[in-house]
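To start, the structure itself, in structure tokens.
The values are calculated or read from the model by the stated rules, or taken from the named source; none is laboratory data. Bear in mind that the values here come from a model prediction, so they are computed numbers and not experimental data. Using ideal geometry, Cβ is built from the backbone for each residue, glycine included, and neighbour counts are taken over all protein chains shown.
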Amino acid sequence: MKVIKNKFNKADLSNLPRALFDGRIFIIISEKDADSAVEYLMKQDILGMDTETRPSFKRGKTYQIALLQVSTKDTCFLFRLNRIGITDSIKRLLEDTKITKVGLSWQDDIRSLKAKRDFTPGFFVELQKEVKMLGVEDMSLQKIYANIFGEKIAKNQQLSNWEADSLSEAQQRYAATDAWACIKIHEEIVRLMRSQDYELEISQEQEHNENIRETI
């Protein structure tokens, strides 16, 4: 039986083995390549999705979304939106209502994507809602993944320049891992909800607070 915590202690992350997507990665920088990538993705049953935006270190300065990563279980496409924008084919993928597309805090991503080109969002699964069904209170991808799989998704590339002329290998693997991890989390949540093969461990801090409230 799998033990899942309602709150994962961030201090425990450092001791965990690293989770890393080891599949194929394709960088999309032309409309033609975007069309081919979407044709491939539209044939899949499930996709993991995430976005990246160049960080701003100046007050009042913001950037538009730079990268859309869409992953299958073994292949990830990195659409460089800062170069090609949201093409007609990408818009078709985002508006699709049949394929299970999984993301985390996806409403925020949708707002950022719609700032580049308006579209009608299709069918998406929000992981932050799903994990609540297990009793998990953490909302970050890193903590959720660590809680469910006992592995750490490194975040050291998060604040790198996503509008760089070329993406480094580390950036590519980071971006692909975040999208791929969404699939893994979703499928494990579905499995656990069906089998009920898990036990929820309440953090000692919360248990202590609940005991105090009961005595008041």
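Laid out as a table, the results:
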item	result
Lone qualifier among 183, 202, 189, 148 - being surrounded by fewer than 17 Cβ atoms within 10 Å (Cβ to Cβ) and either modelled with pLDDT under 95 or among the β-branched types (Val, Ile, Thr) (or both)	202
Selection count, the range 1-46, where residues are at pLDDT below 95, in contact with a helix residue (DSSP H, G or I) (Cβ under 9 Å, 6 or more places away or on another chain) and among the hydroxyl-bearing types (Ser, Thr, Tyr)	0
Residue list for the range 88-107, restricted to those being modelled with pLDDT of 95 or more, assigned to a helix (DSSP H, G or I) and either of a type outside the set (Lys, Arg) or buried (at least 22 other Cβ atoms within 10 Å of the Cβ) (or both)	88, 89, 90, 93, 94, 95
Search result, residues across the range 161-188 that are farther than 26 Å from residue 100 by Cα and either in contact (Cβ under 8 Å) with a residue 12 or more places away in the chain or touching a Lys or Arg at 6+ places or on another chain (Cβ under 8 Å) (or both)	161, 162, 163, 167, 170
All positions within the range 108-121 that are surrounded by fewer than 15 Cβ atoms within 10 Å (Cβ to Cβ) and not β-branched (Val, Ile, Thr)	108, 111, 115, 117, 118
In the range 121-137, residue nearest to residue 96 (Cα to Cα) [restricted to those that are in contact (Cβ under 8 Å) with a residue 12 or more places away in the chain and either under 14 Å from the mean Cα position of the chain (by Cα) or assigned to a helix (DSSP H, G or I) (or both)]	124
Of all residues in the range 108-120 being charged (D, E, K, R) and part of a helix (DSSP H, G or I), the one that is farthest from residue 87 (Cα to Cα)	108
Residues (modelled with pLDDT of 90 or more, within 19 Å of the chain's Cα centre (by Cα) and assigned to a loop (DSSP other than H, G, I, E, B)) located in the range 157-171	157, 158, 160, 161, 162, 167
Candidate set: the range 72-85, residues that are in a loop (DSSP other than H, G, I, E, B) and under 19 Å from the mean Cα position of the chain (by Cα); chosen: the one surrounded by the fewest Cβ atoms within 10 Å (Cβ to Cβ)	74
Of all residues in the range 45-71 being polar (S, T, N, Q) and crowded, with 16+ Cβ neighbours inside 10 Å, the one that is farthest from residue 165 (Cα to Cα)	71
Pair list, Cβ under 9 Å, 6 or more apart: the range 47-58 residue modelled with pLDDT of 95 or more, other residue part of a strand (DSSP E or B) and among the charged types (D, E, K, R)	47/101; 48/101; 49/101
